[in-house]
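The values are calculated or read from the model by the stated rules, or taken from the named source; none is laboratory data. Note that the coordinates shown come from a computational prediction; the quantities given were computed from them, not determined experimentally. Positions of Cβ are generated from backbone atoms using ideal geometry, with glycine treated the same way; all protein chains shown enter the neighbour counts. All accessible areas refer to the heavy atoms of the entire protein, side chains included, with ligands and DNA or RNA removed. Shrake-Rupley method; radii C 1.70, N 1.55, O 1.52, S 1.80 Å.
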Amino acid sequence: MIEPNGDSFYIYISMRSFIIICIASVCLSISAANFPRNNFEIILQVEPSLACVPQEVYLHALIESESEILDSAQIDNNHRTIRLSGVVPYQTNVILTFSKTNLDAEVVVTPGDKIWLTLGEEDADYYHCVKDAKGSKAHSEYVQFMNYIKNYNIRKARYQDMQLITKLDSISKESISDILRKQQQQYIDYMLKTSKSKYPFLVWYANVLLRKLLPQKEVRNLLSNAISRFPAYLPFNQLRPGYVAPEESRKSMVVTEKIWSIQSRRMKIKPNTSAIVKTPQIGEELPILLHREDGRLSSLLVFSGKYVLVEFWASWCQPCLKEIPNIVMAKQKFGDSFEVCAITLDKISSPWKRAINEKQFGEGIHHYQGFDKRGNQYKDIASLGVETIPQNYLLDGEGRIIAINIYGEDLIRKLEELIEKQNP
């Protein structure tokens with residue numbers, strides 16, 4: 001073997017280094033071809049309420065009918081900030097599933113995104129759309145989209161349940177049918193607006209939801225417009241006529257089974273909790289029925305288009321009795337534009353009726369009961385958590401709360417202001 005010396009030694013080293021570099025480059029090229037680099041990253045910070053339970057976090061997605069775990073990490077008190085990454089071929093939603101906490105956090109990602117998330121135990125909700133995902137281009141609009149769908153489905157389910165109540169009067173049933181038709185049209189209008197979004201994932205989602213709500217010609221036109229705007233967005237192919245989804249692979253089935261298994265175990269270890277009373281807030285609807293003395297039911301929807309005061313009172317409540325003249329005065333002043341639904345919390349009807357007569361609280365006032373004949377409070381009334389009376393809710397023409405516990409001159413002024421704006 002010839003020992004290199006002088007300049008030949010450096011040439012020998014240079015050639016050897018060049019060959020090594022070339023081999024390494026080829027290996028890296030092959031590796032990159034078979035294992036593409038991650039094209040998005042999520043930096044997750046978990047609050048102590050989550051970190052106190054050591055557990056795995058799985059990042060997974062459904063791409064072209066294939067479930068895939070993109071990444072995973074361990075969290076505990078010593079590992080509260082973790083990095084998760086993966087590859088998505090286009091803008092889509094991914095989910096972070098926690099192995100012991102009942103939390104599936106959904107985020108919309110776009111190739112190239114670097115996203116920062118903060119999650120705590122209070123975020124736990126089955127397939128919860130993360131409220132804030134800094135760095136995600138499309139997520140903020142997606143949150144609004146999903147909240148609209150959730151609220152629409154809640155209202156729809158409640159009204160459909162009300163339609164099934166046999167004791168509900170015919171006027172209330174007709175009003176419920178009208179409101180359901182109106183809500184569906186508003187839902188369609190919202191989806192049509194979303195179909196014009198600049199984010200292809202939202203456009204795709206809106207097209208999916210509109211397929212059963214619009215005539216086929218309009219559905220085809222929407223899809224054609226979406227494809228012309230986003231010709232490279234592959235999920236639109238799923239909506240083409242005659243599309244046949246590829247059969248799910250064995251690998252995907254294993255992933256799906258793993259996620260389902262995690263969710264099933266979590267539900268078993270989640271402690272049972274009693275129903276929590278949720279006090280309605282301004283901007284929300286009042287989720288109650290109107291219980292008549294004869295046992296029949298009515299709905300607040302029969303007063304659609306009018307301002308409604310829902311007043312909780314009782315014959316034994318002196319502050320309630322003192323407020324009655326103000327309520328009567330408001331009813332007389334605003335007439336058909338204003339309705340009063342007085343719900344008594346008396347368990348016995350005789351003192352309630354006597355108070356109505358003595359306080360002249362009858363003319364133009366709609367009276368209902370909060371307790372049945374056995375002295376049990378109706379569940380929908382109990383869910384409001386009324387602890388002190390008088391208590392009231394002022395509703396607008398669409399049944400949404402615009403004021404809570406408004407009395408005397410404040411009630412008069414508020415109604416004057418509202419009606420003046422309505423009829424300038």
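Observations, loosely collected:
- Derived from the Cα gyration tensor, the three semi-axes of the equivalent ellipsoid of the stretch 178-333 are 49, 27, 14 Å, largest first.
- Per atom type, the stretch 183-331 shows carbon and sulfur on 57% of its accessible surface, probed at 1.4 Å.
- Coordinate range of the alpha-carbon atoms in the chain per principal axis, descending: 122, 54, 43 Å.
- Fraction of the pair-distance distribution of the stretch 373-417 above 13 Å, Cα-Cα pairs, percent: 67 percent
- Look at the Cα gyration tensor of the stretch 252-392: its axes a ≥ b ≥ c give a/c of at least 1.5 with a/b over b/c, and that counts as prolate.
- Simple label model, 7 Å out from Cα along Cβ direction - residue 182 to residue 360, nm: 3.4 nm
- Around the Cα centre of the chain, unit charges on the Cβ atoms of Lys, Arg, Asp and Glu (plus for the first two, minus for the last two) sum to a dipole of about 820 debye.
- Förster radius 41 Å - calculated FRET efficiency between residue 245 and residue 281 (Cβ-Cβ, nearest 0.05): 0.45
- Residue 413-residue 254 FRET efficiency (beta carbon distance; Förster radius 56 Å; 0.05 resolution): 0.30
- Helix 7-34 vs. the chain, principal-axis angle (Cα, 0 to 90°, nearest 10): 40 degrees
- CD proxy at 222 nm, helix term only [per DSSP H run n ≥ 4: -39500 (n - 2.57); per residue of the chain; nearest 500]: -13500 deg cm²/dmol
- Cα long-axis angle, helix 349-358 against the chain (0 to 90 degrees, to the nearest 10): 60 degrees
- Kirkwood Rh (inverse of mean 1/r, distinct Cα pairs), the stretch 335-400, angstrom: 13.4 Å
- DSSP bridge pairs, the stretch 283-358: antiparallel proportion in percent, nearest 5: 20 percent
- Rounded to 0.05, the FRET efficiency of the residue 237 and residue 83 pair, given R0 = 22 Å and the Cβ-Cβ distance, is 0.10.
- The distance separating the Cα centre of the stretch 306-374 from that of the stretch 74-147 comes to 49 Å.
- Taking only the Cα atoms of the stretch 99-184, the radius of gyration and Dmax are 18.5, 57 Å.
- Rolling a 1.4 Å probe over the heavy atoms of the protein chains gives the stretch 214-258 an accessible area of 71 Å² per residue.
- With θ taken as phi - 60° and the Karplus curve 6.51 cos²θ - 1.76 cosθ + 1.60 applied, the whole-hertz 3J(HN,Hα) list for the stretch 281-287 is 10, 4, x, 9, 8, 9, x Hz, x standing for glycine and proline.
- Reported to the nearest whole Å, the Cα centre-to-centre distance from the stretch 396-420 to the stretch 203-245 is 45.
- Computed from Cα atoms, the angle from the helix 250-269 axis to the main principal axis of the chain rounds to 40 degrees.
- Projected label points at residue 52 and residue 148, each 7 Å from Cα along the beta carbon direction, are separated by 3.9 nanometres.
- Full-stretch length increase - residue 372, residue 163 - with 0.36 nm per residue and alpha-carbon distance subtracted: 73.2 nm
- Spacing of the two label points (7 Å from each Cα toward its C-beta) at residue 38 and residue 292, in nm: 6.4 nm
- Percent antiparallel among DSSP beta bridges (both partners in the chain, rounded to 5): 65 percent
- Rolling a 1.4 angstrom probe over the protein heavy atoms with all chains in place gives the stretch 103-198 an accessible area of 54 Å² per residue.
- Calculated on C-alpha atoms, the gyration radius of the stretch 182-245 divided by its Kirkwood radius gives an Rg/Rh of 0.95.
- Multiplying the residue separation of residue 350 and residue 421 by 0.36 nm and removing their Cα-Cα distance gives an extension gain of 21.4 nm.
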